[in-house]
1. Search segment 1-15 for residues being surrounded by 10 or more Cβ atoms within 10 Å (Cβ to Cβ) and closer than 13 Å to residue 35 by Cβ, and hand back the single one that is modelled with the lowest pLDDT.
2. Which count do you get for residues in segment 43-64 that are among the β-branched types (Val, Ile, Thr) and touching a Leu at 6+ places or on another chain (Cβ under 8 Å)?
3. Identify, from the list 21, 40, 52, the residue that is over 24 Å from residue 85 (Cα atoms), in contact (Cβ under 8 Å) with a residue 12 or more places away in the chain and part of a strand (DSSP E or B).
4. Just name the residue that is modelled with the lowest pLDDT out of those in segment 94-108 that are assigned to a helix (DSSP H, G or I) and surrounded by 10 or more Cβ atoms within 10 Å (Cβ to Cβ).
5. Which residue out of 78, 55, 88 is in contact with a Lys or Arg (Cβ under 6 Å, 6 or more places away or on another chain) and aliphatic (A, V, I, L, M)?
6. Which members of segment 72-91 meet the condition of being at pLDDT below 90 and either part of a strand (DSSP E or B) or among the polar types (S, T, N, Q) (or both)?
7. With respect to residue 64, is the statement that it is surrounded by 15 or more Cβ atoms within 10 Å (Cβ to Cβ), touching a strand residue (DSSP E or B) at 6+ places or on another chain (Cβ under 7 Å) and free of Cβ contacts under 8 Å to residues at least 60 places away in the same chain true?
Amino acid sequence: MQTCEFKTLLNESQLITFEELPQELQNEIDSVFGYEEVELFKIRSFEIGGRLHTIAYIETVSDYYVFTYVNYSSSPRITKQEISKTTINVFQLLRNEDERGVGGCSQN
């Protein structure tokens, strides 16, 4: 499957939102290789301890990404989390087994 630059995969309103993000966060999102189709792109911002946190939630065909951006006085800090949809599906299957009482040892 062909991969594209992230911005080219966004609809018009998503692109406007993306371009309003801090440049460092845009660059970090663009640096991820393998975007094939964006199924979800949402931004949430909130204040914690007097600092604005901007979080980008991205869902692609195969993965979920969460980018967190916090601008500290010395420099911005960006963290990225990635989890595959396959991993999420395994967790769902395990939870379903527990709910049905199927399976071996389990800890809550």
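1. Within segment 1-15, the match that is modelled with the lowest pLDDT is 3.
2. 3
3. On the way: 21 fails: part of a strand (DSSP E or B); 40 fails: over 24 Å from residue 85 (Cα atoms).
None of the other options fit; the residue is 52.
4. 98
5. On the way: 78 fails: in contact with a Lys or Arg (Cβ under 6 Å, 6 or more places away or on another chain); 88 fails: in contact with a Lys or Arg (Cβ under 6 Å, 6 or more places away or on another chain).
Checking each option against the conditions leaves just 55.
6. 73, 74, 75
7. Working: surrounded by 15 or more Cβ atoms within 10 Å (Cβ to Cβ): yes; touching a strand residue (DSSP E or B) at 6+ places or on another chain (Cβ under 7 Å): yes; free of Cβ contacts under 8 Å to residues at least 60 places away in the same chain: yes.
Taking the combined requirement at face value, the residue satisfies it.
The values are calculated or read from the model by the stated rules, or taken from the named source; none is laboratory data. Bear in mind that the values here come from a model prediction, so they are computed numbers and not experimental data. Because the Cβ atoms are built from the backbone with ideal geometry, glycine has one as well, and the counts that use them run over all protein chains shown.
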